[in-house]
Number of protein chains: 2
Amino acid sequence: MTGYGLAMDVRGYVESNASWFFDALKQWLAIPSISADPAHHPDVRRSAEWLVAHLQDTGFPVAEIWETPADQGLPAVFAEWPAADPGAPTVLVYGHHDVQPVEPLEEWISPPFEPIESEGRLLARGASDDKGQVLFHTLGIRAGLAARGQSAPPVTIKFLIEGEEESGSPHFASLLRRERDRLACDVIVISDTTMWAADVPSMCTSMRGLAETEVTLTGPVRDLHSGSFGGGVPNPLHAMTSLLAGLHDADGRINVPGFYDRVLPLSDEERDLLARLPFDEKQWLEEAGASGAAYGEEGYSTLERIWARPTAEINGMWGGHTGPGQKTIIPRSAHAKVTFRLVADQDPAEVGAAFERYVRAHTPPGIQATVTVGAGVRPCRSAIDSPAVLAGRRAMERAFGQQVLFTKEGGSGPEADLADILGAPLVFVAVGLDSDQIHAPNEKVDMTLLLRGAEAAAYLWEELAAVRSDPK
Amino acid sequence: MTGYGLAMDVRGYVESNASWFFDALKQWLAIPSISADPAHHPDVRRSAEWLVAHLQDTGFPVAEIWETPADQGLPAVFAEWPAADPGAPTVLVYGHHDVQPVEPLEEWISPPFEPIESEGRLLARGASDDKGQVLFHTLGIRAGLAARGQSAPPVTIKFLIEGEEESGSPHFASLLRRERDRLACDVIVISDTTMWAADVPSMCTSMRGLAETEVTLTGPVRDLHSGSFGGGVPNPLHAMTSLLAGLHDADGRINVPGFYDRVLPLSDEERDLLARLPFDEKQWLEEAGASGAAYGEEGYSTLERIWARPTAEINGMWGGHTGPGQKTIIPRSAHAKVTFRLVADQDPAEVGAAFERYVRAHTPPGIQATVTVGAGVRPCRSAIDSPAVLAGRRAMERAFGQQVLFTKEGGSGPEADLADILGAPLVFVAVGLDSDQIHAPNEKVDMTLLLRGAEAAAYLWEELAAVRSDPK
């Protein structure tokens, strides 16, 4: 709490406190909070305790550990700092303090939990995903208070920092429901994504959801000899290929009736902004090993296809004899795992049910179909013309001193649950890069970008306070 | 060689020597000549030695063991008995003396190599497939000689009794090529098939061949995350489903260009004869567990579809994530095993090459295809109006005292190699039944039918001698 009375500008504060900030981050990064490994669960708890102490030290009057419902999971951290003005909006910052496993350990150039600096990067597991991006907010809060010479932020700030994100957030939705009242907010800030590039600042504006299904087709009571029966009875593998080949039409659109009913079209402005990203399609295709051939739904660019359009993918398929040599059989069953990437406002359960109807409509006589549908993930979306997103964009542009573009992400985590359960819009303010090697050996974060993130966070509270009338 | 001078009719001889015949067969069946099991390879040799002794005892002046080329396999038995008239045709009888494995042993009602009689059936491994059907020929030869009061048969009779048929006849074609001169013949008699029913005697007139292929489609260099890449790169599993779904048109015909070029059409007489078989289609479909729905190529009956028409079957297909749970990937590769059942005069290598061209023509940009083609099996066919087949039919009709119908088989063994390499027509004279449970526990043979087979064999030599001018 020292230094808050000293008036100075945000950037000046951030830069003069960088050394202290990185020392704090290194302390936190030294705690191996791997949620996927039960041996490290005590470390996840230590990580939560470290963050509570750090938030208290930052000035949060409330900072506490939240156990997951029924104590089945790993602890989250909640904190709250009321605005000086009780009429100011409330902003919830989401991030996570657990980290990915570190295998293969031998590929790290230095131990993953002994952070080192190298060429302007801080290298450690969690540096970018997500401890570095959580912590820039506390430096931003300090900087904002210092610059304004105030002792309370211009908006009420809440933190919800999860401990199970890298394990699939199994208890997160029920935690949100249990604590809905204390988490009430007007805007949710997500700091767990990436920018387009270090010199192309950008904000994510949507994430695709997921509908998960598995199809089983059964025919003969047992594997039949294809010499004796071939040509006279239906083969479940043939039925499966017809069924799945028919999923897409010649233009790459998905043939499931009703599939597109809830899809919000891309606006001309969104398409224009995506087209302005310096995307090297050829290089991207080469990295995917897709032989340089662009592929996908007719009428859309590659970025639109992977970010803004729903898809159907066969993730796995099997049936009959799959070992060495030949077995001339008509197999008794065929199986496929099929998932759909969804965009707002598609609903995983509705898409799963529509696919099940499609399967039944295309199952030939003599074949029985079973379709199972998983829970799925809802897509999420921030309207790029909403006051909250525009406030976030202004904050980012002030920090970076240049225009901020918009990106999207093709997959997602628990973000849609946050928006749905808390009923507030999402604003993505993050400074990770695709080259940070999150989930891989030698995870790192650009230290300059973390400081820019802190600056953007400081401005964000001001910008959101200024649109208090309706920040949504 | 006793009793050959006594004139009596064939049936009388067969019936009065039945007890002796079944005793001999039981001795042979007691030898567990399982070619698939190396532990039983000495028994396969003992079986060959037993047969050589039996053929010598029958009167064959030549009866010997033939090692397979390079001594890599299990022995065959060759025998030859020249006709009294040196201008008489030569007939080669094909069968095999090896047997299927016996697992699961606990399902046998008596030990598989301790033959027992029960309700007119002889129960043992090999009773029907194929020792019983090989041995009825020696009883038939004795009966024919006895009835005619002769000491040499009316045609030159050769025997080639293989020891590896149940292991896929790996050395049979090269054995035929090596011994082509000694095997030279005008007609080949196959006694390793079945009749329609005990009260519906019939002869097989064709067997489908096989073209074996495996297709691999590869796309991305590695499994890709479907959130990051889904919708923008081609998925090998989708390409595989399209490729294979397109193999059949809406009428169930195969879409591979040139596939039907060499297919000999069914004659009206053949279709009429097939239609006269008392086929219970409903029961057949129920046994296949195909939910009672007839299926197949438009314009053909079920029997025509499974016997006389070529097919394409996916025997196995796999790719991507096939274990429990979801992995939201675009897999790097997809695989399928596809075989084609062929009819005369299709060629396995030609069909394999045509399929490879089809695959390449239907592989989308960004996907690479690999197709491997196995050796395959040639289809075989007996013309139902050929003198040899008509002679066989007359012999069967004399033995059974009723009209003999024609059947076909959907799969085949080494029969086409015999016809192709030796350049002689095939005549199928056999008395097995589909209910004999060959390749399953409790294999059995109808003892009365074996005696009818011996009678038919006795008449066959006469009938073939009578068409000596051109038995083909």
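Brief remarks follow.
- Relative contact order for segment A:76-174: 53 percent, from Cα pairs under 8 Å spaced at least 6 residues apart, divided by residue count.
- Counted by Cβ distance under 14 Å from B:GLU281, the other residues give a net charge of -2, where Lys and Arg count +1 and Asp and Glu count -1.
- Charge tally in the Cβ shell below 11 Å around B:MET195, where Lys, Arg are +1 and Asp, Glu are -1, B:MET195 excluded: -3
- Maximal additional length on extending the A:ARG182-A:ALA39 stretch stands at 48.3 nm, based on 0.36 nm per residue less the C-alpha distance.
- Projecting the Cα positions of A:VAL62, A:PHE22, A:GLY413 onto the charge dipole of chain A (unit charges on Cβ atoms of Lys, Arg, Asp and Glu, taken about the Cα centre) puts A:GLY413 furthest along the positive direction.
- Least to most buried among B:ILE116, A:ILE109 (fewest other Cβ within 10 Å first): A:ILE109, B:ILE116
- Inter-copy label distances at B:ASP280, shortest first and taken from points set 7 Å along Cα to Cβ: 7.2 nm.
- Computed E for B:GLN72/A:THR448 - FRET, C-beta separation, R0 56 angstrom, nearest 0.05: 0.20
- Centroid-to-centroid, using Cα positions, segment A:33-66 and segment A:141-189 are 14 Å apart.
- Take every pair of alpha-carbon atoms less than 8 Å apart whose residues are at least six positions apart; their mean separation over the length of segment A:321-425 yields a relative contact order of 25 percent.
- Relative to one another, the C-alpha centroids of segment B:343-375 and segment B:205-221 are positioned 7 Å apart.
- In this label model, B:HIS439 and B:ALA84 are separated by 4.4 nm, measuring between points 7 Å along each Cα→Cβ vector.
- 10 Å Cβ shell holding at most 10 others, DSSP loop, GluC sites (Glu not before Pro): longest site-free stretch of chain A: A:120-297
- Student exercise, segment B:253-403 dipole from Lys, Arg, Asp, Glu Cβ charges, in Debye to nearest 20: 600 debye
- Theoretical gain in end-to-end length, A:ASP272 to A:GLU103 [0.36 nm per residue, Cα-Cα removed]: 56.8 nm
- Excluding same-chain neighbours fewer than eight residues apart, the lysines reachable from B:LYS337 by a Cα-Cα span under 17 Å are A:LYS327.
- Calculated label separations, B:ALA197, copies of the chain, 7 Å along the beta-carbon direction, nm: 8.0
- Listing B:VAL427, B:VAL263, B:VAL359 from fewest to most neighbouring C-beta atoms within 10 Å gives B:VAL263, B:VAL359, B:VAL427.
- Computed [θ] at 222 nm, helices only, for chain A once each DSSP H run of length n ≥ 4 contributes -39500 (n - 2.57): -10000 deg cm²/dmol
- Calculated label separations, A:ASP71, copies of the chain, 7 Å along the beta-carbon direction, nm: 7.7
- Between A:GLU119 and A:ASP251, the FRET efficiency from the beta-carbon distance, with R0 = 45 Å, is close to 0.45.
- B:ASP98, B:ASP85, B:ASP129, B:ASP347 arranged by Cβ crowding within 10 Å, fewest neighbours leading: B:ASP85, B:ASP347, B:ASP129, B:ASP98
- Whole-number percent relative contact order across segment A:244-322, with pairs defined as alpha carbons under 8 Å at least 6 apart: 31 percent
- Basic side chains Lys and Arg get +1 at the Cβ, acidic Asp and Glu get -1 at the Cβ, and with that the dipole of the protein assembly as shown about its Cα centre reaches some 780 debye.
- Positive-end residue, chain A charge dipole about Cα centroid, Cβ charges, pick of A:TYR13, A:HIS137, A:ALA250: A:ALA250
- Dipole check for segment A:228-297: with +1 at the C-beta of Lys and Arg, -1 at the C-beta of Asp and Glu, and the Cα centre as origin, the magnitude is about 380 Debye.
- Among the listed pairs B:LYS408/B:LYS444; A:LYS131/A:LYS282; A:LYS26/A:LYS158; B:LYS131/B:LYS282, those with a Cα-Cα distance over 27 Å are A:LYS131/A:LYS282; B:LYS131/B:LYS282.
- Counted by Cβ distance under 13 Å from B:ASP251, the other residues give a net charge of 0, where Lys and Arg count +1 and Asp and Glu count -1.
Since every read-out is calculated from the coordinates, none of them should be taken as a lab result. Predicted model, so just to flag it, every value in this text is computed and none were measured. Positions of Cβ are backbone-derived with ideal geometry, glycine not excepted, and every protein chain shown enters the neighbour counts.
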